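What follows is one structure encoded as structure tokens, with my remarks underneath.
The values are calculated or read from the model by the stated rules, or taken from the named source; none is laboratory data. On a predicted model such as this, the values are computed, not experimentally measured, just so you know. As a convention, Cβ positions derive from the backbone with ideal geometry for all residues, glycine included, and neighbour counts pool all protein chains shown. The area values use the complete protein model at the heavy-atom level, side chains included, leaving out ligands, DNA and RNA. Shrake-Rupley method; radii C 1.70, N 1.55, O 1.52, S 1.80 Å.
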Amino acid sequence: MTHQVHAFEPPERFVAGTVGEPGDRTFFLQARGGGRVVSVALEKVQVSLLAEKLEELLTEASRRFGVDLPEAPVLAINDNEPLDTPVDEEFRVGTLGLAFDVDTTTVVIEAIEAGEGEAEVELDEDDEDDDAPIADDDEDDEPDDDLDRLRVRLTPEATRAFIDRARRVVAAGRPPCPLCGQPLDPAGHLCPRHNGYHR
């Protein structure tokens, strides 16, 4: 079976978003461009980790290559709109790869389909260029070439806007219990700090 590479270089829109109510949300990365929309599902922790690693990648690109970085997302590109519908899941993400292309001053994000039996969350940081700032590869952990992929190429400004939205999406879930830190459901929860009584 042949694999598909959904490439958006650059996309018209690339965002993290959710479908469902807090406590029962499904997280997606969604890219739009050239009349097509591709949505891939992933875990909340992957979205959070992706935002964190993208921030580190931008900082390192600025330090090593003098790339000018925007301090904060420009309001004009701050995207608060919901995901484009219908949200059809192309695949579930197993591995996320990041690279910085020095020649074009762009960030490359690659979401790779989870292989059979793949359960753990991975984030690979690849070299796009010999001078790329991040290299954290392990050849034994390379994903199979026959897995579907979503590849996007973003400017530093678009990357900063993606980071900002991804952090807001992750934080928009259920508030934590002030005593135990576990998520609070609308009906409360069984708090271990209250010996199992409803809080």
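Descriptive notes on the structure:
- Once the C-beta distance of Ser62 and Ala7 is scaled by a Förster radius of 22 Å, the resulting FRET efficiency is 0.25 to the nearest 0.05.
- Sorting 54-61, 32-39 by their mean Cβ neighbour count within 10 Å, with the most densely packed peptide first, gives 54-61, 32-39.
- Solvent-accessible area of Lys53 with every protein chain in place, 1.4 Å probe, in Å² to the nearest 10: 40
- Alpha-carbon centroids, the range 154-173 and the range 20-41: separation in whole Å: 14
- Electrostatic bookkeeping for Asp24 treats Lys and Arg as +1 and Asp and Glu as -1; over the other residues with beta carbon under 11 Å from its beta carbon, the sum is 0.
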